[in-house]
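The values are calculated or read from the model by the stated rules, or taken from the named source; none is laboratory data. The model shown is predicted, which means the values in this text are computed figures rather than measured ones. Positions of Cβ are backbone-derived with ideal geometry, glycine not excepted, and every protein chain shown enters the neighbour counts.
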Amino acid sequence: MSSQKKQRFGTFPILLLLLVIISIFGIRYGAVSIRFDEILSSLQKTLLSSENLNLTERIFMQIRLPRAILCIFVGASLAVGGTLLQALFRNPIVEPGLIGTSCGAAFGAALYFALGATFDFNVGKWTLPLAACIGALISTGLVFFLSQSRNSGKSSIVALLLTGIAINALFLSGVGFLSYIARDPQARSIVFWNLGTLSGANWTSVAIVGFSSVSTILISLRYAKSLNALMIGEEEAQFLGVNIKSLKWKILLINVIMVAVATAFVGVISFVGLIVPHLLRILNGSDNRNLIRNSAILGGILLSAADLISRMVLRPAELPIGIVTSVVGVPIFIFLLRRKNYFF
Amino acid sequence: MIKANNITYKIGDKTILNDVSVSFAAGKINLILGPNGAGKSSLVKVICNQLKPQEGSVYYEQKNIIGNDVAQLAKVRAVLSQNTELAFPLKVKEVVMMGRYPHFQVTPGEKDKNACNEAMRFFDVEAMADRDYLTLSGGEQQRVHFARVVSQIWYPTENACRYLILDEPLTFLDVHYQFHFMHKLQELLKQENLVIVGVVHDLNLAAKFADHLVLLHEGKLLASGTKTEVLTKEHMKTAYRLEPVIHNDARGMYLFFE
């Protein structure tokens, strides 16, 4: 009992420490290395005096630092989204894009790239995230609407899963069609966006993603116990006092907000939402009360690490981060699945 | 006391339950019997508000089940359903702790932990507390769920009944643990204001342990009452299409089929 408690207690601080370390690496290294004294001097200049920053200091304040923070928020959103949906669907193969959110976002973004110049719809640099967010909301809304069974049976969660798969396929073919008819540079933009990148990070995106990420994660912690009860079945959870219908809608809404907002700013990043809950279940068991909290931190760690790799490999060019998350994530994931003592 | 009045439940044209009225009193082991497809599980689901009957209503004491708040009800009523599957690996004690979920907000208190530990001891699963539930055998898993549902209603409530509803609890159990479980139910009944309702298949276990029996056949109530009233030759012939030899002596009542 006590050793168990110690272990539970220990994981969270260790993860936090790792997150800080990896973030410092992320801030310091890239096309240009930044020294600690430069970090300190730029912080001091920004916070305490209004002296002008030099080039390295500007890279730190305007590029590296917002990017490092955005990595944490996006990683946390995707990982917690994955944890929540896996718990809700009682299915370990689920990832946060399953209910249509990321494919809809990709379609919205593709529309922007392919047709943006032709249409009048333009709100400057906000056009792309807005288009992606609207796409995400439409596709997810469609999944919700179409999965409402007429006899409101108890298998509605399976209906949701299948509808999600169908709508995802539909929107992906839409993305495919748009990249097929698009001219070369636009088609490249679509592909690039679909693989995700954090190169657009700035303080505004940090503020928006940060707000949505932190608030939704804090709210989701309130439902950890109900999600635990759901592990033994929908009926059983009801006997334990859980209102399944309202829980389902709340969790889906939380997931849509956290994933749509993050995806709108950084593109589609796969695998983080799938792998993080699995890693943590092995480390720490399936109790959602720990899982949600730890997912947020581990998601931040993995995405920060992937971002660092994506900036280092082809220096000074950048690799799309989605390639890194998949190339690194898949072998780890397969290794986990082949472990004999892991029942997912 | 759980009362179900004139329950009729249909799926499409098929009548699953036809005008069934039953009542289950506190302080007794109430068992529902019947052949396959007689409507036992449906009746249990109607009583638990999982199925909405087209006609009739269910009362817990004076209160109609329809108006009952799930969260409030979960504090006094525990249900063991069939085929409980766990989606993710959890330790046995974490599964048992779920029984206390209706009673605490975020973290379990001392009272909740005590209830779990005592319920695990009660059903002989204490030694497995730290094991992964998914590595247990079917019978062991079943006993873990006994501990879970009983921990849910472990403490007596003032001026209110508690309810324990068990849909085929004896599945997967060997004969030792079948008897163990029935004895444990009798032990629980020493507490006041506890209503126990269960579905079983084994007529001899029913004859040995039940205080009140309900026999269903083709969706209708064939008989209800004590074992001598319900387990008669005629009823057995109608329900199971087999003629029993009924043996009644000082040690109890036994049914043989051939």
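Working carefully through the options A:Val242, A:Val261, find the one that is among the hydrophobic types (A, V, I, L, M, F, W, C) and under 13 Å from A:Val74 (Cβ atoms). Walk me through it before giving the result.
On the way: A:Val242 fails: under 13 Å from A:Val74 (Cβ atoms).
That would be A:Val261, the only listed residue that is among the hydrophobic types (A, V, I, L, M, F, W, C) and under 13 Å from A:Val74 (Cβ atoms).
Restricted to region B:81-94, and to residues that are closer than 17 Å to A:Arg289 by Cα and more than 7 Å from every other protein chain (Cβ to nearest Cβ), which residue is surrounded by the most Cβ atoms within 10 Å (Cβ to Cβ)? Residue satisfying both the conditions and the ranking: B:Val92. Return the pair list, or none, for Cβ contacts closer than 6 Å from residues in region A:244-262 that are crowded, with 24+ Cβ neighbours inside 10 Å to residues that are β-branched (Val, Ile, Thr), at least 6 apart or on different chains. Pairs that qualify, where the first residue is crowded, with 24+ Cβ neighbours inside 10 Å and the partner is β-branched (Val, Ile, Thr), are A:Val256/A:Thr101; A:Val256/A:Thr140; A:Met258/A:Thr216; A:Val259/A:Thr101; A:Ala260/A:Thr101; A:Val261/A:Val209; A:Ala262/A:Val74; A:Ala262/A:Val209. For region A:240-261, filtered to residues that are among the small types (Gly, Ala, Ser) and within 14 Å of another protein chain (Cβ to nearest Cβ), the residue that is nearest to B:Met98 (Cα to Cα) is A:Gly241. Scanning region B:169-177 for any residue that is among the aromatic types (Phe, Trp, Tyr), over 18 Å from B:Met97 (Cα atoms) and not in a loop (DSSP other than H, G, I, E, B) turns up at least one such residue.
Scanning region A:69-97 for residues that are buried (at least 24 other Cβ atoms within 10 Å of the Cβ), among the β-branched types (Val, Ile, Thr) and more than 14 Å from chain B (Cβ to nearest Cβ) returns A:Ile72, A:Val74, A:Val80.
Within region B:72-96, work out how many residues are free of Cβ contacts under 8 Å to residues at least 40 places away in the same chain and within 19 Å of B:Leu166 (Cα to Cα).
3
Results for (1) more than 17 Å from B:Leu194 (Cα to Cα); (2) at pLDDT 90 or above; (3) hydroxyl-bearing (Ser, Thr, Tyr), shown as yes or no for each residue.
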residue	(1), (2), (3)
B:Leu33	yes, yes, no
B:Gly39	yes, yes, no
B:Tyr60	no, yes, yes
B:Asn64	yes, no, no
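Annotation: B:Asp124 fulfils all but one of (1) assigned to a helix (DSSP H, G or I); (2) away from every other protein chain (no Cβ under 12 Å); (3) within 20 Å of B:Phe179 (Cβ to Cβ); the unmet one is (1). When B:Gln105 is tested against (1) assigned to a strand (DSSP E or B); (2) of a type outside the set (Val, Ile, Thr); (3) surrounded by fewer than 16 Cβ atoms within 10 Å (Cβ to Cβ), just one condition goes unmet, and that condition is (1).
Under the condition of being in a loop (DSSP other than H, G, I, E, B) and buried (at least 23 other Cβ atoms within 10 Å of the Cβ), the residues counted in region B:192-209 number 1. Of all the criteria given as (1) part of a helix (DSSP H, G or I); (2) buried (at least 21 other Cβ atoms within 10 Å of the Cβ), the one not satisfied by A:Gln186 is (2).
Within region A:291-344, restricting attention to residues that are farther than 22 Å from A:Ile21 by Cα and within 14 Å of chain B (Cβ to nearest Cβ), which residue is surrounded by the most Cβ atoms within 10 Å (Cβ to Cβ)? That would be A:Phe344. Of note, B:Ile47 does not satisfy the criterion of being within 20 Å of the chain's Cα centre (by Cα), surrounded by fewer than 22 Cβ atoms within 10 Å (Cβ to Cβ) and either among the acidic types (Asp, Glu) or within 14 Å of chain A (Cβ to nearest Cβ) (or both). Could you go through region A:115-132 and let me know if any residue there is modelled with pLDDT under 90, surrounded by 24 or more Cβ atoms within 10 Å (Cβ to Cβ) and of a type in the set (Val, Ile, Thr). Scanning region A:115-132 turns up no residue that is modelled with pLDDT under 90, surrounded by 24 or more Cβ atoms within 10 Å (Cβ to Cβ) and of a type in the set (Val, Ile, Thr). Residues in region B:54-80 that are surrounded by 13 or more Cβ atoms within 10 Å (Cβ to Cβ), within 14 Å of chain A (Cβ to nearest Cβ) and of a type in the set (D, E, K, R): B:Lys75, B:Arg77. Taken together, the residues in region B:21-44 that are within 14 Å of another protein chain (Cβ to nearest Cβ) and not hydrophobic (A, V, I, L, M, F, W, C) amount to 2.
Could you list, in sequence order, all residues of region A:299-333 that are in a loop (DSSP other than H, G, I, E, B) and touching a residue at least 24 places away in the same chain (Cβ under 8 Å)?
A:Arg315, A:Pro316, A:Glu318, A:Pro320 - these are the residues of region A:299-333 that are in a loop (DSSP other than H, G, I, E, B) and touching a residue at least 24 places away in the same chain (Cβ under 8 Å).
Here's the yes/no breakdown for (1) in contact (Cβ under 8 Å) with a residue 24 or more places away in the chain; (2) closer than 21 Å to B:Lys40 by Cβ; (3) out of contact with any helix residue (DSSP H, G or I) (no Cβ under 7 Å at 6 or more places or on another chain):
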residue	(1), (2), (3)
B:His176	no, no, yes
B:Phe181	yes, yes, no
B:Glu192	yes, no, yes
B:Ile196	yes, yes, no
B:Val200	yes, yes, no
B:Val214	yes, yes, yes
B:Glu218	yes, yes, yes
B:Leu222	yes, yes, no
B:Gly225	no, yes, yes
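For region B:226-258, filtering for residues that are under 21 Å from B:Leu43 (Cα atoms) and exposed (fewer than 12 other Cβ atoms within 10 Å of the Cβ) leaves 1.
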